[in-house]
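Participant: What follows is a structure written as structure tokens; I'll ask about it next.
The values are calculated or read from the model by the stated rules, or taken from the named source; none is laboratory data. Because the structure is predicted, anything quoted here is derived from the model rather than measured. Every residue, glycine as well, gets a Cβ built from its backbone with ideal geometry; the counts of neighbours run over all protein chains shown.
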Amino acid sequence: MRDSASPAARASTVLVGALPLGFFLLWAAVDGGYPPTLWSPGALALVGLLALLVATSPQLLWTLPRTGLAALALFGGFTLWSALSIAWAGDRGEAWDSANRALLYLAVYGIFLLWPWRARHGAILLGAYALGVAGIAAATFVSALGSDDPGSFFIGGRYSQPVGYINADCALFLSGVWPAVFLASRRETPWWLRGLFLASAGFLLEQAMLPQSRGSLFVFPVVVVLYVALVPGRTRSLLALAPVCAAAYLVRGSLLDVYTAARGESLPAALDALVEPLLGSAVALFALGTVYGLVDRYAPLPADVARLGAWIVGTVTALVAVIAAAVLLAVYGNPVTRAQDAWDEFTAGQRFEESSSYFGANLGSNRYDFWRVAMGEFRDSPVAGSGAGNFAAAYLRERESPEEPLYPHSLPVMVLSQTGVVGGLLFGGFLVAALAAAWVGRARRSPFGNAVAAAAVVTFAYWALHGSLDWFWEFPGLAGPALAWLGLAGGLERPAATPANRPAEWTRARMTAAAGYTLALVAAVVSLTLPWLAAREVERAADTWRTSPEDAYAILDRARMLNPLSDRPDLVAGAIAMRLEDYDRAEDAFARALDRHEESWYAELELAIVAALAGRRDEALTRLDRADELNPLEETVDIVRDGVVGGEPVSPHVIDRIFLQRVEERTS
């Protein structure tokens, strides 16, 4: 560890950096890593890597500043509290998944905090991530261009791939912009790469406009200000940011036209029309970045000229800011009045309106309703919260919108409502300590190390700010890299441990600590493995039931034993039985699902249908009353009730068609 130039140390650094980075990019390319079957294997590998680091190199812990140790302990406490919330959560299976997701993020943060990265290592990691995201974005866009059905890459006219969720798609692209801009601006970056980074930053920013995420309109300028304020070398930062933003502005027309085209019949033509401006933009930025890199490397400006240039750039930037403020004031009027109007639009709920751009639509959103219900859960259980991951049932019960979200669409609201004051203090304390660890390290770091740390913090800040308006915590392809960069900033260029710090022999305290560490590791592995295997079995059953229903039932029985907290195996078994008109088996399955999650309105609805088909009218009506209590706005409950009251029970196939049509409408 002290000789970081040795082949073994270099190989270790490559492993510690490449393994997480590979998972980040894999998750980014496949649904953002959202399904547990995608992220659970990576979580096991990363927990194992963290355990290996601590077991084989305990001196890594000794070199951490107190703020870093505090951040690690607080995040560990939050993860443990999330796991304990399974005891009081309504949906214990979802709480288990959420606790495991927190465990994954703890492992990611711990790995990047513990390893003694050099500034060059940090820059390579950020650069590889930025280029990897740009490569994923390019491959996805080319796939859309060549697809027989390019509309499948869009939802409601907005680009949704590769993540599958529009706003997360935008966040993925913007997460790569900041490290790409940073490395394009630095003299330490090889000149032949600076053009590539500048072109990648421009391309990612342009791709981020296709999803038309309105949250990005508010967050992006704030992060630009943070970037200029925090990253050393403001002139360099502005010289890289300016052409990237200018390029995106110049091609905005072609980018925004895709929204209208995707809602009509001219999407292929609109995508084809994008190719030339995107290529032209990339070529221009590549050439500009390469020339800038050559000049910067081989003909640096004299100090006096550099100071004059910095003054000129600063003055021009200030003038542009003043002019922009004046234009905004002239266009939108009194900012206080405009802010009040925007708040009124936001709280009024979602209102769909025809527009040439989703950016230009009103700010009406159902997020206010999501947050209202979530904070109601917090008021009902302020200390412990409703349980990790538990929001969907409460929202269906209390909602005023037609949406059925699984998450409250805000990281701070999620933490408070689901883990209460205890979880809020633990997670908030972690953020403060982690940022403090990045800050206190500035005295020991080299100038380039400070710049790398600042860029890493800004990239994390983008995710955290945008994630305060949306549900990004649940996507490991977004949250994993963000927490990795926060850990990187706290652990960058730490002093190496010396042999004198190492205990000479095993004491009773060390043996007790080792035993506790081993038990914690075993518990973590078991906790991650069982739900993962169960989820895989559920997917297998869903794929095989048409050809071999009995095998599917047997597979679901195994899934139920592997994950005794989740109702999903029984819900899937019940749905299969309903399709096959095996109503006795369906009734047993949905009854078991209710035993595991008593607020499952869907299980109550299906049991009501079975009771009605069996002639048990009173039981059917009682279950429909319970389903209506759990989900008052669900129209299928009324449809089934009308059939029961009229003496003509509704076929389950009719309900299936309604659900299928609803899904198709929401994804078209």
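Participant: Of all residues in segment 416-430, which are farther than 16 Å from ALA83 by Cα and touching a residue at least 60 places away in the same chain (Cβ under 8 Å)?
Facilitator: Selection gives GLY429, PHE430.
Participant: A further question on this structure: Can you pull out the residues in segment 533-567 that are touching a residue at least 40 places away in the same chain (Cβ under 8 Å), crowded, with 22+ Cβ neighbours inside 10 Å and assigned to a helix (DSSP H, G or I)?
Facilitator: ALA535
Participant: Can you find, within segment 432-449, the residue that is modelled with the highest pLDDT among those that are surrounded by fewer than 17 Cβ atoms within 10 Å (Cβ to Cβ) and in a helix (DSSP H, G or I)?
Facilitator: So the residue we want is VAL432.
Participant: Still on this structure, please answer the following. I'd like to know if segment 350-367 contains one or more residues that are under 20 Å from GLU404 (Cβ atoms), in a helix (DSSP H, G or I) and at pLDDT below 95.
Facilitator: Within segment 350-367 (the criterion being under 20 Å from GLU404 (Cβ atoms), in a helix (DSSP H, G or I) and at pLDDT below 95), the answer is yes, since at least one residue qualifies.
Participant: Among the residues of segment 437-452, write down those that are over 14 Å from ALA229 (Cβ atoms) and not hydroxyl-bearing (Ser, Thr, Tyr). Lay out the reasoning, then the answer.
Facilitator: Pass one, segment 437-452, residues over 14 Å from ALA229 (Cβ atoms): 437-438, 440-449, 452.
Within segment 437-452, ALA437, ALA438, VAL440, GLY441, ARG442, ALA443, ARG444, ARG445, PRO447, PHE448, GLY449, VAL452 meet the criteria.
Participant: Would you check which residues across segment 581-615 are touching a helix residue (DSSP H, G or I) at 6+ places or on another chain (Cβ under 6 Å) and not in a helix (DSSP H, G or I) and list them?
Facilitator: GLU599, SER600
Participant: Among the residues of segment 479-496, is any crowded, with 19+ Cβ neighbours inside 10 Å, farther than 30 Å from ASP169 by Cα, in the same structural domain as TRP81 (by TED's automatic domain parsing) and in contact with a Ser or Thr (Cβ under 7 Å, 6 or more places away or on another chain)?
Facilitator: Within segment 479-496 (the criterion being crowded, with 19+ Cβ neighbours inside 10 Å, farther than 30 Å from ASP169 by Cα, in the same structural domain as TRP81 (by TED's automatic domain parsing) and in contact with a Ser or Thr (Cβ under 7 Å, 6 or more places away or on another chain)), the answer is yes, since at least one residue qualifies.
Participant: Just for helices (runs of 4 or more DSSP H) wholly inside segment 1-80: which have at least 3 residues that are touching a residue at least 12 places away in the same chain (Cβ under 8 Å) and under 24 Å from THR512 (Cα atoms)?
Facilitator: 36-56, 59-62
Participant: While we're here: Which numbered condition trips up ASP149, out of (1) surrounded by fewer than 19 Cβ atoms within 10 Å (Cβ to Cβ); (2) farther than 26 Å from ALA18 by Cα; (3) at pLDDT 95 or above?
Facilitator: It fails just one condition, (3).
Participant: In segment 201-235, how many residues are under 18 Å from ALA284 (Cα atoms) and among the charged types (D, E, K, R)?
Facilitator: Number satisfying all stated conditions: 1.
Participant: So VAL224 fits all but one of (1) more than 20 Å from ALA461 (Cα to Cα); (2) out of contact with any Phe, Trp or Tyr (no Cβ under 8 Å at 6 or more places or on another chain); what number is the exception?
Facilitator: (1)
Participant: Condition check: at pLDDT 90 or above and assigned to a helix (DSSP H, G or I). Does LEU469 satisfy that?
Facilitator: Values: at pLDDT 90 or above: yes; assigned to a helix (DSSP H, G or I): no.
No: the conditions fail for LEU469.
Participant: Further question: With the condition kept exactly as written, say whether any residue in segment 645-668 is surrounded by 15 or more Cβ atoms within 10 Å (Cβ to Cβ) and either in the same structural domain as ALA99 (by TED's automatic domain parsing) or under 22 Å from PRO402 (Cβ atoms) (or both).
Facilitator: Scanning segment 645-668 turns up at least one residue that is surrounded by 15 or more Cβ atoms within 10 Å (Cβ to Cβ) and either in the same structural domain as ALA99 (by TED's automatic domain parsing) or under 22 Å from PRO402 (Cβ atoms) (or both).
Participant: Now for a different question. Need the failing condition index for LEU196 against (1) in contact with a Gly (Cβ under 8 Å, 6 or more places away or on another chain); (2) surrounded by fewer than 21 Cβ atoms within 10 Å (Cβ to Cβ), just the number.
Facilitator: That leaves (2) as the condition not met.
Participant: Moving on. The conditions are (1) modelled with pLDDT of 85 or more; (2) surrounded by 14 or more Cβ atoms within 10 Å (Cβ to Cβ); (3) not in a loop (DSSP other than H, G, I, E, B), and ARG379 fails exactly one of them. Which is it?
Facilitator: Checking ARG379 against (1) modelled with pLDDT of 85 or more; (2) surrounded by 14 or more Cβ atoms within 10 Å (Cβ to Cβ); (3) not in a loop (DSSP other than H, G, I, E, B), the one that fails is (2).
Participant: Checking ALA95 against (1) within 25 Å of LEU469 (Cα to Cα); (2) not assigned by TED's automatic domain parsing to the domain that holds PRO405, only one condition comes out false. Which one?
Facilitator: (2)
Participant: Scan segment 148-176 for residues that are within 11 Å of PRO211 (Cα to Cα), assigned to a helix (DSSP H, G or I) and among the polar types (S, T, N, Q) and jot them down.
Facilitator: The answer is ASN167, and nothing else.
Participant: Look through segment 205-219, keep the residues that are assigned to a helix (DSSP H, G or I) and in contact (Cβ under 8 Å) with a residue 60 or more places away in the chain, and return whichever of them is nearest to LEU465 (Cα to Cα).
Facilitator: Of everything passing the filter in segment 205-219, VAL219 is nearest to LEU465 (Cα to Cα).
Participant: Determine whether LEU624 is under 21 Å from TRP88 (Cα atoms) and modelled with pLDDT of 95 or more.
Facilitator: It is false that LEU624 is under 21 Å from TRP88 (Cα atoms) and modelled with pLDDT of 95 or more.
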